[in-house]
Amino acid sequence: RRPATHTKLSMQRGDGAYIPVDLVDVYIDGVRHYAGSDGMPQNHRETARLFRLAADEGLPEAQISIAACFATGMGVLQDLNETARYYRLARDQGHAFAQYYTASVYATGEGVLQDLSECARYLRLAADQGLDKAQLNIACCLRDGSKGVAQTHCEAARFFRLAADQGIADAQFSTGHYYARGEGGLPQDHGSAIRYYRLAADQSHVKASFNLACCYAKGNEGVAQSDTEAARYYRLAADLGFAKAQLNVGHLSYKGQGVHVDHVVAARYFHLAADQGFPPSQFALGRIFDRGPPNGRVRAVRPARRGQAAGLSRAVRGG
């Protein structure tokens with residue numbers, strides 16, 4: 001996207017004469033050299049030179065870009081002081097990403113005195129300009145009452161929804177949660193809750209996938225009960241490493257509920273959750289090996305785990 005600023009810069013030609021050049025064109029040439037596009041060779045030193053030229057003339061997009069060059073040492077010697085200086089220049093012109101960067105610096109105390117109030121202030125400035133990451137972060141502060149911000153769920157829900165509508169999965173999950181409970185000034189709206197959960201789940205959000213699965217398993221939040229959909233979303237969460245979902249996939253696979261009966265798959269998911277120290281899965285493994293699967297094909301569990309699980313099962317029963 002072409003920056004909005006159009007400042008003129010004089011550049012010296014080979015014959016020594018100076019000609020006016022659009023500052024934005026200088027910056028865009030830097031981008032072309034970075035990507036090696038539009039007939040320009042990839043050249044990170046030239047990228048950094050052009051970014052710095054435009055940055056020193058006040059173009060905030062170039063200031064952000066040369067700051068990143070100094071942070072990583074791309075085309076220039078790495079220099080975190082220069083990184084901070086160029087971010088400050090862009091921040092003082094109201095650039096949202098520079099404000100977000102400043103907030104992160106105040107949060108960690110990297111190069112400045114840690115100041116959570118200043119962190120929150122810059123997050124809010126960037127969020128008010130529509131930066132999705134800033135909207136998510138200030139929403140979390142408002143929800144939790146952290147970083148010196150007074151807790152207010154109405155403002156939290158507002159910023160979560162703004163970030164959610166820009167596609168941020170964590171914000172979509174939180175917006176769904178507010179709609180499900182009718183909190184944060186939002187009406188209780190199960191349809192909207194499910195819609196936001198699904199948007200987040202489609203981006204592999206663990207908790208959103210698990211919540212959707214629970215809704216389908218019980219027929220809650222305005223959705224029709226469906227073992228098939230429950231199994232699908234439990235498996236999404238399980239494959240992302242969520243122990244409770246792994247346990248549920250194990251149970252569904254063992255019983256053939258919403259999926260085909262498969263005791264090998266059941267044991268594998270019980271095993272995955274058990275390896276995270278999740279006692280219900282360890283108990284479930286023990287029960288499998290105490291009873292023995294009907295098809296006699298469970299080989300997915302190591303002998304040591306098999307003995308541990310079976311022992312836990314007997315201990316729980318007092319046997």
## Note on the structure
If we ask which residues in region 56-65 are outside any helix (DSSP H, G or I) and in contact with a helix residue (DSSP H, G or I) (Cβ under 6 Å, 6 or more places away or on another chain), their number turns out to be 2
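Out of A120, A103, report the one residue that is within 19 Å of the chain's Cα centre (by Cα) and either open to solvent by less than 60 Å² (accessible area, probe 1.4 Å) or more than 25 Å from A90 (Cα to Cα) (or both).
Just one listed residue meets the conditions, A103.
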### Task
Would you mind listing the helices (runs of 4 or more DSSP H) fully within region 121-202 where at least 1 residues are in contact with a Lys or Arg (Cβ under 6 Å, 6 or more places away or on another chain)?
132-144, 153-164, 169-181
### Check on A273, closer than 30 Å to D189 by Cβ, surrounded by 17 or more Cβ atoms within 10 Å (Cβ to Cβ), touching a Lys or Arg at 6+ places or on another chain (Cβ under 8 Å) and hydrophobic (A, V, I, L, M, F, W, C)
no
### Task
Could you list, in sequence order, all residues of region 193-222 that are touching a Cys at 6+ places or on another chain (Cβ under 8 Å) and crowded, with 24+ Cβ neighbours inside 10 Å?
Y197
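So that you can scan it fast, the table gives a plain yes or no per residue for (1) part of a helix (DSSP H, G or I); (2) in contact with a helix residue (DSSP H, G or I) (Cβ under 6 Å, 6 or more places away or on another chain):
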| site | (1), (2) |
| --- | --- |
| S37 | no, no |
| R45 | yes, no |
| A48 | yes, yes |
| F51 | yes, yes |
| A54 | yes, yes |
| A67 | yes, yes |
| G75 | no, yes |
| A84 | yes, no |
### Query
Can you find a residue in region 259-282 that is touching a Gly at 6+ places or on another chain (Cβ under 6 Å), closer than 28 Å to A193 by Cα, at pLDDT 70 or above and of a type in the set (A, V, I, L, M)?
no
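Quick one: which of A127, A35 is modelled with pLDDT under 95 and among the small types (G, A, S)?
The unique qualifying residue is A35.
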### Within region 240-269, tally of residues that are of a type in the set (A, V, I, L, M), assigned to a helix (DSSP H, G or I) and within 28 Å of the chain's Cα centre (by Cα)
4
#### Entry: One residue from A304, A310 being open to solvent by 70 Å² or more (accessible area, probe 1.4 Å), at pLDDT below 85, assigned to a helix (DSSP H, G or I) and hydrophobic (A, V, I, L, M, F, W, C)
A304
### Task
Name the single residue, out of those in region 123-145 being of a type in the set (S, T, N, Q) and farther than 13 Å from S104 by Cα, that is surrounded by the most Cβ atoms within 10 Å (Cβ to Cβ).
Q135
### Summary
Of the residues in region 223-258, those that are more than 23 Å from Y196 (Cα to Cα) and either basic (K, R) or open to solvent by 50 Å² or more (accessible area, probe 1.4 Å) (or both) come to H251, Y254, K255, Q257
### Query
Hey, any hits in region 71-90 for a residue that's farther than 22 Å from K147 by Cβ, of a type in the set (S, T, Y) and open to solvent by 30 Å² or more (accessible area, probe 1.4 Å)?
yes
### Task
Go through region 124-152 and give me each residue that's of a type in the set (D, E) and either farther than 22 Å from G167 by Cβ or under 18 Å from the mean Cα position of the chain (by Cα) (or both).
D132, D144
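The values are calculated or read from the model by the stated rules, or taken from the named source; none is laboratory data. Predicted, not measured: the structure shown is a model, and the values here were computed from it. Virtual Cβ from ideal backbone geometry, glycine too; neighbours counted across all protein chains shown. Note: accessible area is taken over every heavy atom of the protein model, side chains too, but ligands, DNA and RNA are not part of it. Shrake-Rupley method; radii C 1.70, N 1.55, O 1.52, S 1.80 Å.
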